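Visitor: Handing you a structure now.
Read-outs throughout are calculated quantities, based only on the coordinates presented, and are distinct from any laboratory measurement. Quick caveat: nothing in here was measured; it's all calculated off a predicted structure. Methodologically, a virtual Cβ is constructed for each residue, glycine included, from the backbone with ideal geometry; neighbour enumeration extends over all protein chains shown.
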Amino acid sequence: MSSPKTVRWGILATGGIANTFTKDLLVDPKTRGVSSVKHTVVAAASSSSKSRAEQFLKDVGAPSDAKAYGSYEELVKDPNIDIVYVATPHSHHYQNARLCLEAGKNVLCEKAFTVNAAQARKLAEIAKEKDLFLMEAVWTRYFPLSIYVREQITSGRIGPVARVISDNSMALDPENSFADGKSRMVNPDLAGGALLDLGIYALTHVFQTLYHTQDAKTRQPPKLLAFVKNYEATGAADEHSTMILNFPRSKEQGGDAHAVATTSLRVATSPGQNQDTPCVRIQGPKGEIQVFPPSFRPTKTKLILSDGTVEAKDWPIPGPEGEGHGMFWEADEAAEAFVEGRKEGKYEGLDESILIMEVMDEVRKQGGLVYPEKIESVDFPVQL
Ligand SMILES: NC(=O)C1=CN([C@@H]2O[C@H](COP(=O)(O)OP(=O)(O)OC[C@H]3O[C@@H](n4cnc5c(N)ncnc54)[C@H](OP(=O)(O)O)[C@@H]3O)[C@@H](O)[C@H]2O)C=CC1
Ligand SMILES: O=C1OC[C@@H](O)[C@H](O)[C@H]1O
């Protein structure tokens, strides 16, 4: 067996998820049975100050020689970085990922990939031109639980999937939690609202079951009907969005399949501590697969077949002393792709990320959700 290749990460931004992701990166891959790659953190950058980046590196337990930068521009020039993880708000993904790509860096960019499909297409175009790896960090797709769900579908366990009902909603009490309107959850300038932050997961479960599982050569984009309720306090951010999708399929594939994807930051999928209501139901003529909340970090499934079979499974997140959060699986995939010379993630390629952005563009169009023009642009000046 060959020894694991070490992949060197740079972390762009030092907020909440950058901290969680970087701690996960530093969990020994052997604890989850991965022997092909190892991760190290060689640098982090904060747009606020170098000292913030220094503190971040201390907090996450990065190697003592990891470099701290006070600007993203300095980070992307560091020759020792193999992949940059972009962890800024949605509004900034395009400009930050573009900065990395223009500087010749491979990129793993947080969800939602960009503000709109035009920006996603442009990033994919630059990555292709420069022969770089680019992947949207939809971590849930890389969970062993998600691999299992997709395998149950492709092996025909429940028959051709006829319908998927998928919700990712959290009762966040926005007027109190985000009273000043500045939080990225509700701030239009940061592309706030439920759709891009939480709705992306409702759509992830729909797409990974009804689209990704189909033959890549023949699958068709879905038709969409959507409604949006905007959050009154800040306007151009949704408090909930509801989507009905029709996935065209041939008669041999079971004919058209339907999905309902819902998201809210006002009401919860499963109120209180109750996790007994499935957040995803994948239904076929021979039975259904249920996934239990939270939709973004699920750890329980139930397969219920019409013949009375019930298979309930737990999917604990590995890692010593409960350290693991589950973000390491997407990091492993990015690192393996880098080592193998692949340019996209294997469970969600760029075409699919772009298609999901197109669906969310259409949701906003039908629902009347218009973000500020300045964050919809593809013309951000890149200064290296
Ligand atoms: N996969 C997952 O489970 C999760 C993913 N996310 C995604 O991660 C991204 C970041 O979310 P999160 O970490 O919660 O956000 P935070 O607000 O905690 O952090 C965002 C960081 O981005 C940097 N930043 C750069 N420009 C701005 C700006 N104009 N306003 C605010 N921050 C800015 C800041 O870092 P600095 O000052 O160092 O430059 C800031 O700390 C989002 O895309 C979100 O959807 C979030 C939570 C969970
Ligand atoms: O990706 C996410 O998952 C967890 C949520 O709490 C968070 O708002 C979102 O960004």
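Visitor: Just want the ordering: Ser51, Ser353, from fewest to most Cβ atoms lying within 10 Å of their own Cβ. Before the final figure, lay out each step's value.
Guide: On the way: Ser51 11, Ser353 28.
Fewest to most other Cβ atoms nearby, the residues stand as Ser51, Ser353.
Visitor: Report, to two decimal places, the Cα Rg of the range 5-138 normalised by 2.2 N^0.38 Å (N = number of residues). Before the final figure, lay out the partial values.
Guide: Details: Rg = 14.1 Å, N = 134, 2.2 N^0.38 = 14.1 Å.
That ratio works out to 1.00.
Visitor: Distances over 21 Å make up what percent of all Cα-Cα pairs in the range 126-225? Display every interim value, and only then the final one.
Guide: Working: 2609 of 4950 pairs.
Every Cα pair in the range 126-225 considered, those over 21 Å come to 53 percent.
Visitor: To continue, here is another question. Taking the Cβ of each residue in Trp315, Trp139 as the centre, tally the other Cβ atoms inside 10 Å and list the residues starting with the fewest. All intermediate terms of the calculation are to be shown ahead of the outcome.
Guide: Numbers: Trp315 17, Trp139 27.
Ordered by Cβ neighbours within 10 Å, fewest first: Trp315, Trp139.
Visitor: Using a Gaussian network model of the chain with C-alpha springs under 10 Å, which one of Asn176, Asn19, Asn116 is most mobile by mean-square fluctuation?
Guide: Asn176
Visitor: Shifting gears a bit: What is the extension gain from Asp314 to Lys251, computed as 0.36 nm multiplied by their sequence separation minus the C-alpha to C-alpha distance, in nm to one decimal? Could the numbers behind the result be given before it?
Guide: On the way: separation 63, 0.36 × 63 = 22.68 nm, distance 3.49 nm.
Extra length available between Asp314 and Lys251 comes to 19.2 nm.
Visitor: Exposure proxy check: Asp238, Asp351, Asp65, Asp189 ranked by fewest other beta carbons within 10 Å? Please report the intermediate quantities before stating the final value.
Guide: Values: Asp238 29, Asp351 14, Asp65 9, Asp189 17.
Fewest-to-most Cβ neighbours within 10 Å comes out as Asp65, Asp351, Asp189, Asp238.
Visitor: For the chain, modelled as a GNM with alpha-carbon contacts under 10 angstrom, which of Thr22, Thr277, Thr262 fluctuates the most?
Guide: Thr277
Visitor: In the range 241-373, how many lysine pairs have Cα atoms under 22 Å apart, counting only pairs 8 or more places apart or on different chains?
Guide: Values: Lys251/Lys286; Lys286/Lys300; Lys286/Lys302; Lys286/Lys313; Lys300/Lys313; Lys302/Lys313.
Qualifying lysine pairs in the range 241-373: 6.
Visitor: Show me, bin by bin at 10 Å from 0, the whole-percent P(r) of the range 144-314 based on Cα pairs.
Guide: 10, 36, 32, 17, 5, 0
Visitor: Another one. With viscosity set to 0.692 mPa s at 37 °C, what whole-number translational diffusion coefficient in µm²/s follows for the range 267-319 from Stokes-Einstein and a Kirkwood radius over Cα pairs?
Guide: Value of D from the Cα-based Kirkwood radius: 276 µm²/s.
Visitor: Ratio to report: Rg/Rh of the chain, with Cα atoms as the point set and Rh obtained by the Kirkwood method; give two decimals. Write out the running numbers ahead of the final one.
Guide: Numbers: Rg = 20.3 Å, Rh = 21.3 Å.
So for the chain, dividing Rg by the Kirkwood Rh gives 0.95.
Visitor: Would you please calculate the Kirkwood hydrodynamic radius of the range 181-247 over all C-alpha pairs and express it in Å, rounded to one decimal? Before the final figure, lay out each step's value.
Guide: Details: mean 1/r = 0.0759 Å⁻¹.
Across the range 181-247, the inverse of the average 1/r is 13.2 Å.
Visitor: Under 10 Å, Cα contacts only: if you run a Gaussian network model on the chain, which one of Leu210, Leu190, Leu172 comes out with the highest mean-square fluctuation?
Guide: Ranking Leu210, Leu190, Leu172 by mean-square fluctuation puts Leu172 first.
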